Amino acid sequence: MARQHNFSAGPGVLPESVISKAREALWELGDTGLGLVESSHRSKAFDAIVTQAAERLHRLLGCDDDQVVLFLHGGARTQFHQVPMNLLRGSRAAYLDTGTWSKGAIEEAKLFGEVDVPWSSRERGYDSVPAAGDYAVPEGVRYLHYTSNNTVAGSEFDHIPDPGAAWLMCDASSNFLSRPVDARRFDLLYAGAQKNLGPSGVTIVVIRRSLLPHCDTAIPRMERYGVHVEKASMFNTPCTFAIYVVNEVLGWIEDQGGLAVVDARNQAQADAVYAEIDRTGFWKGRVQRASRSRMNVTFSTGDADLDALFVKEATAAGLHGLKGHRSVGGLRASLYNAQTDAAVEALVGFLRAFEAARG
Ligand SMILES: Cc1ncc(COP(=O)(O)O)c(C=O)c1O
């Protein structure tokens, strides 16, 4: 079967050059005579990979010397409890409630302490994210947590919240490395790899060493950030395959000129899709315009049967993964870093043709 244009929300599209390289590495990693997934995580060959991946992330994010990059297991969802388990216990934190995933993070945090929610769009079906001045971080909270891009709702922050005296934590799973970012503003930043960065199986956590003395140590070692920092992500066997692919994707980003280039392409692709959605009144955007995500474009015809027909016909035309998340319905086009201009052109053409035929 021909390769499809992949608009899935994750695991999502990856650069073809990276997939080809991974295919070769599966058979033999460098000139070791061993396949990638047969190689020890403590081998010289793998050590070079994980070291390079950490260095590349540090550089692309513009981290300072206090910030450490970790490659952990358990997906972003594990961070929903690992953050409060380490850093909240018995105290208070503030969470901005902007979608399914922030709601999930709030539920887990409540197991460890008090949670303030200074801003929520839940009652409006998560139709927006706040602007910078729309919320105040309550006095005395240990940290402020937010989700920089809401994968299900299709909304995205255009600013980094100011946490005041508190630490700033961010779930950046679905817009990680999609634009230049000043990572020094964060105390803890995490992202599952399977959207902008690689396959599922590894979660990037960027944490400040200066946070470590504040972390609870009366928790299992696998949960302690301090242990993972001390062991350089090798406390247990990491997902070597996923880290390999992440490193290759990071190289792909650097080779084309870095995050400014990626940013420009992401913006142009999102602009093209939103322009088509807004061209007539046929398509309805799901979120308020000022909150629109550049990564996950959510929209619908307003008619569930017509949406289903769209998905069916789009799939037959080679456009994969356009069904909205099962919890909200509608349609969703994910435009992650590796999305191609050809795929976006095909999508825009298909949107137009579908409207012409059914509008
Ligand atoms: C923003 C965000 N956070 C967290 C998650 C959960 O990630 P994982 O499946 O890696 O645990 C997702 C999954 O789509 C997500 O989009």
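Once fully extended, how much extra length lies between residue 345 and residue 21, figured as 0.36 nm per residue of separation less the alpha-carbon to alpha-carbon distance? Could the numbers behind the result be given before it?
Numbers: separation 324, 0.36 × 324 = 116.64 nm, distance 2.64 nm.
Length gained between residue 345 and residue 21: 114.0 nm.
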> Relative to the compact globular guide of 2.2 N^0.38 Å, what is the alpha carbon radius of gyration of the range 237-359, as a ratio?
Replying inline: 1.18
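Just the number, please: Stokes-Einstein D of the chain in µm²/s, Kirkwood Rh from C-alpha pairs, 25 °C, 0.890 mPa s.
Values: Rh = 21.2 Å.
So the translational diffusion coefficient is about 116 µm²/s.
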>> Give the aspartates and glutamates reachable from residue 231 as a straight Cα distance under 14 Å; neighbours fewer than 8 places away on the same chain don't count.
In response: 47, 223
> When all protein chains stay in place, what accessible area (Å², nearest 10, 1.4 Å probe) is found for residue 235?
Replying inline: 60 Å²
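Keeping all protein chains in place, calculate the accessible area per residue for the range 169-328 (probe 1.4 angstrom), answer in Å². Provide the component values of the computation, followed by the final result.
Values: 6360 Å² over 160 residues.
Per residue, the range 169-328 has 40 Å² of solvent-accessible surface.
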> Which distance in nm do the two modelled labels at residue 288 and residue 327 give, with both placed 7 Å along the Cα-to-Cβ direction?
Replying inline: 2.1 nm
> With every protein chain present, what accessible area does residue 255 have (1.4 Å probe, heavy atoms only), rounded to the nearest 10 Å²?
Replying inline: 140 Å²
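Fully extended, how many nm does the chain gain between residue 280 and residue 185 (0.36 nm per residue separation, minus their Cα-Cα distance)?
Values: separation 95, 0.36 × 95 = 34.20 nm, distance 4.02 nm.
Contour length minus Cα-Cα distance gives 30.2 nm.
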> Can you give the FRET efficiency for residue 316 and residue 210, using 1/(1 + (r/R0)^6), R0 = 56 Å, r = Cβ-Cβ distance, to the nearest 0.05?
Replying inline: 0.55
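Compute for the range 107-256: radius of gyration divided by Kirkwood radius, i.e. Rg/Rh, restricted to C-alpha atoms, rounded to two decimals.
Values: Rg = 16.6 Å, Rh = 17.2 Å.
That ratio is 0.97, to two decimals.
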> Of 195, 284, 103, which has the most accessible area and how do the rest follow, probe 1.4 Å?
Replying inline: 284, 103, 195
>> As a test question: what accessible area, to the nearest 10 Å², does residue 222 have when a 1.4 Å probe is rolled over all protein chains in place?
In response: 70 Å²
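Starting from the Cα gyration tensor of the range 154-228, take the square roots of the eigenvalues, sort them a ≥ b ≥ c, and report rounded, prolate or oblate (rounded when a/c is under 1.5, otherwise prolate if a/b is larger than b/c, else oblate). Don't skip to the end; give the middle numbers.
On the way: a/c = 2.47, a/b = 1.26, b/c = 1.96.
Judged from the Cα gyration tensor, the range 154-228 comes out oblate (a/c at least 1.5, b/c at or above a/b).
Give the carbon-plus-sulfur fraction of the accessible surface of the range 1-144 in %, rounded to a whole number; probe 1.4 Å, heavy atoms of protein chains only.
Details: 3600 of 7180 Å².
Answer for the range 1-144 is 50 percent, counting heavy atoms of protein chains only.
The values are calculated or read from the model by the stated rules, or taken from the named source; none is laboratory data. This is a predicted model, so every value here is computed, not measured. Neighbour counts are summed over all protein chains in view; Cβ atoms, including those assigned to glycine, are modelled from backbone coordinates with ideal geometry. Remember, those area values only see protein heavy atoms, side chains included, never the ligands or the DNA or RNA. Shrake-Rupley method; radii C 1.70, N 1.55, O 1.52, S 1.80 Å.
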